[in-house]
Each structure stands twice: as structure tokens, then as C-alpha cells.
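Quick note: the coordinates plus some simple rules give every number you see, no bench work behind them. Computed from a predicted structure; not experimentally measured. In this analysis, Cβ positions are derived from the backbone assuming ideal geometry, glycine residues included, and neighbour counts consider all displayed protein chains.
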Amino acid sequence: MKITFPHMGNVYVVGKILLDELGAEYIVPPFNNKKALEIGTKYAPESACLPLKINLGNYIQAYEQGADTILMVGGCGPCRFGYYGALEKEILNDAGFNMDIIILEMPNGNLKEFLNRVKRLAGGFDIHKIFRAIRNTTRIAKQVDELEKLTFKIRPREIVKGSTDRIYKAFQEDMREARGYDQARKLVEDTRRELLSLEIDRSFKPLKVGIVGEIYTTIDSYTSFYLDSKLGNMGIEVERPVTISNWIIDHIIKSALHLPRDLRYVEAAAPYLGKMIGGHAQETIGNAVLFAKDGYDGVVQVYPLTCMPEIVAQSILPAISRDFDIPVLTLIIDEMTGEAGYLTRIEAFTDLLEKRRERTTIEENRVLSRS
Ligand code: SF4
């Protein structure tokens with residue numbers, strides 16, 4: 001059995017370390033690329049959401065390198081993610097790609113079935129090995145997320161433009177070759193040190209933008225046309241609360257063990273959206289409110305065309321923008337999105353944020369001079 005898994009930002013690190021620790025054979029698909037999207041678009045239903053199309057492309061590119069089994073996590077709730085696994089298997093098999101899928105979820109709370117799937121992945125039921133694999137996978141997910149957060153802080157302040165991108169890109173490439181938790185952790189630590197050694201402008205006060213939206217398009221930089229690094233290279237510090245580690249810890253581990261979760265976003269979203277409607281709509285609304293309260297200069301929502309939960313969230317965001325006086329930009333992406341138009345919208349939005357800041361500074365100085 002040769003396993004592969006879909007790309008979504010740094011999820012490949014989590015996937016490969018889990019499989020390394022379990023001793024399974026696997027193939028990491030090529031990083032998301034134009035060809036993968038073209039392949040996925042060819043086989044997926046036209047109205048399918050973008051992540052499904054790119055994932056199909058990942059699987060087929062990995063199949064061409066020898067993969068025969070797909071590992072993915074399951075979803076639930078009123079959005080299409082819940083049937084991605086079954087749908088993808090059917091599309092692949094109909095198109096002649098004979099691949100099996102292992103979905104890591106607890107089907108209808110059936111623990112026995114879940115354990116059977118883990119056993120299949122691990123090639124047996126060695127509880128110590130499985131526990132260590134889960135622990136190390138969770139650790140590396142957290143470390144990689146923290147490293148990415150560090151890039152968000154350093155990029156807008158770096159003196160030599162492009163340094164953060166260069167180091168981070170090399171890290172992502174090198175991580176493909178890392179084997180097991182210890183090598184991966186060392187690579188994260190070395191990269192962290194390299195980033196911290198960069199010369200930065202400590203007096204610079206960048207504009208701050210919160211990124212919200214559908215998890216795939218917010219986390220996967222290729223899909224969002226590198227939104228986080230584009231903003232960073234424009235001198236803007238970004239923050240993105242939905243992360244892979246947070247998803248693993250809060251949505252998988254804590255949910256399964258009925259442990260208390262960080263639900264500040266649920267509370268913040270409550271006046272606008274009082275229940276979970278699938279995807280990350282509730283996070284989008286709650287985090288937009290939290291960003292506004294934390295004094296951020298703007299919020300950018302990103303989502304794939306036809307994403308139902310985010311369409312609902314988009315219709316609510318103008319109320320948050322009005323109530324908290326915070327500008328919100330919505331970017332909708334599909335396989336036809338052109339980078340030039342997309343970039344123009346981001347530039348116009350950042351111009352607006354800069355003008356607002358200039359105006360606020362002038363007003364503050366006027367008040368100060370009167371007192
Ligand atoms: S959250 Fe949106 S993009 Fe993701 S599966 Fe659901 S509908 Fe599709």
C-alpha cells in the first residue's frame with residue numbers, strides 16, 4: 001500500500017510525519033500547481049468547490065508516481081466536505097484511477113471502525129506507536145504553524161525584501177525530504193533561527209489585517225495567490241486564526257475526547273450567526289469581530305466560488321464592517337480567477353487602509369495640539 005494525501009498549505013508536513021511515525025509507505029504529491037488544478041477541473045463536476053478540484057489533481061499526480069491509497073480526514077455538518085471522500089473515490093475510479101481511500105473520522109461515533117482504519121494505516125495495532133505518532137504529529141503541526149506566524153511578523157519588517165520568502169520556500173522544499181519527527185523538528189528550529197537572524201526595522205508599525213474565510217483557501221497559499229506573503233511584502237502584518245494545528249487539536253482531538261475548546265469566536269459571532277452552518281462560517285464571523293475589537297486595520301475574507309457557508313458569512317460581514325467601522329474585502333477564487341485583477345483589488349484595499357490610517361493620525365495630532 002502506497003499512501004498519498006491532499007495538499008493544503010503545510011498539511012503535507014502533518015501527513016508525512018504521521019505516516020513516518022507509523023512506518024507507512026507514502027508519496028507526497030507535487031506541491032499545488034497549475035497542472036494539478038487543470039487535471040482536477042477536467043474530472044470534477046463543474047460546480048464542485050475549488051479544493052475538491054485541486055485535491056483530485058494531487059491524487060492523480062501522486063497516482064502517476066505509484067500511490068494507490070488516499071488518506072484524508074472526514075468532515076461533517078451541512079457542507080460538501082462531508083462527502084468529499086466518497087465522491088472523490090467515485091470520480092477517480094470512474095476515470096480509471098484505481099485508488100482506495102482511508103478516511104480518518106469516527107463514522108457515526110463508531111470507534112471500532114475508526115480503530116480499524118488506524119490499524120490499517122499502521123499495519124497493526126501497536127498502541128504505543130499509534131500514541132507516539134499522534135503526539136508527534138500534533139507537535140509538528142503546532143511548530144510549523146508557529147513558524148508561519150513568525151513569517152507574518154518578520155516579512156513586513158525585513159530590511160532586505162524577499163528574505164523571508166526565500167527562507168520559508170527553502171524550508172517547505174527541504175521538509176519534503178525530512179524523515180520522522182526529529183528531523184522535521186530540527187528543520188523547523190533551524191529555519192526559525194534563520195528567520196530571527198534577519199535584519200528588521202523594529203520601529204516600523206505595519207498596518208494589521210486579519211485573514212478569515214474558508215479553511216483551504218486561507219491556509220493554502222498557492223490557491224490564494226500567496227495572499228499572506230503578498231500582503232506581508234506590501235508592509236502589512238497579517239494574522240490568520242484558522243490553522244492546521246488548531247484544527248487538529250480543537251476539532252479532532254478535543255472534540256473526540258469532549259475536552260473544553262477555545263470558543264471565543266462562537267461568542268463573538270453569536271449576535272450575527274448563532275449556530276454552526278458548516279465549513280468555517282462561524283469562525284469567519286467571530287474572528288472578524290475579534291479582529292475589529294483588537295484594533296486591526298482591516299479584514300480580508302477569502303473563499304472558493306460556490307462555497308455555501310462562506311456565501312452566508314459574506315452576507316453578514318457588511319454588518320460587522322458597519323458596527324465596528326472596519327473595512328472588509330472579500331476575495332472569491334475559482335480556477336478562472338486571474339491574478340492581475342485579484343492583485344489590483346488587494347492593492348486598492350491596502351491603499352484604502354493607508355489613507356484611513358493617515359486620516360486618523362492627522363485627527364489625533366489635531367486633538368493633541370488643542371489639548
Ligand atoms: S467549506 Fe466550502 S469549499 Fe469547503 S467543502 Fe464546504 S462548501 Fe466546499
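Side notes on the structure shown:
- Projected-area mean, the stretch 213-335, by convex hull of Cα positions, square nanometres: 7.7 nm²
- Shown here are the Rg and Dmax of the Cα trace of the stretch 127-202, at 14.1, 49 Å.
- DSSP bridge orientation in the chain - percent antiparallel, rounded to nearest 5: 5 percent
- Potential lengthening between GLN172 and ILE316 on full extension [0.36 nm per residue; Cα-Cα distance subtracted]: 48.3 nm
- Exposure proxy order (Cβ contacts within 10 Å, fewest to most) of CYS49, CYS307: CYS49, CYS307
- Which of THR191, THR360 has the fewest Cβ neighbours within 10 Å, and the rest in rising order: THR360, THR191
- The fewest-to-most ranking of MET1, MET72 by surrounding Cβ atoms within 10 Å reads MET1, MET72.
- Spacing of the two label points (7 Å from each Cα toward its C-beta) at ASP165 and ARG135, in nm: 4.1 nm
- With eigenvalues of the C-alpha gyration tensor scaled by 5 and rooted, the stretch 3-125, Å: 22, 18, 13
- Translational D in µm²/s for the chain (Stokes-Einstein at 4 °C, 1.567 mPa s, Kirkwood Rh from C-alpha pairs): 59 µm²/s
- Remark: the stretch 208-221, residue by residue, has Karplus-estimated 3J(HN,Hα) of 10, 10, x, 9, 10, x, 5, 4, 5, 6, 7, 7, 8, 5 Hz, where x stands for each Gly or Pro and the curve is 6.51 cos²θ - 1.76 cosθ + 1.60 at θ = phi - 60°.
- Distant-in-sequence amide H partners of GLY74 (H built 1.01 Å from N, under 5 Å): LEU104, GLU105
- Checked against a 20 Å cut-off, the cross-linked pairs LYS129/LYS169; LYS42/LYS89; LYS53/LYS254; LYS16/LYS230; LYS208/LYS275 give Cα-Cα distances beyond that limit for LYS129/LYS169; LYS53/LYS254; LYS16/LYS230; LYS208/LYS275.
- Counting only DSSP H runs of at least 4 residues, each contributing -39500 (n - 2.57), and dividing by the residue count of the chain, the helix-based mean residue ellipticity at 222 nm comes to -17500 deg cm²/dmol.
- The peptide list 313-321, 215-223, put in order of mean Cβ contacts within 10 Å with the highest first, becomes 215-223, 313-321.
- The packing ranking, built from the mean of other Cβ atoms within 10 Å per residue, places the peptides 150-163, 334-347 in the order 150-163, 334-347, highest first.
- The slack between ASP94 and LEU150, meaning 0.36 nm per residue of separation minus the straight C-alpha distance, is 15.8 nm.
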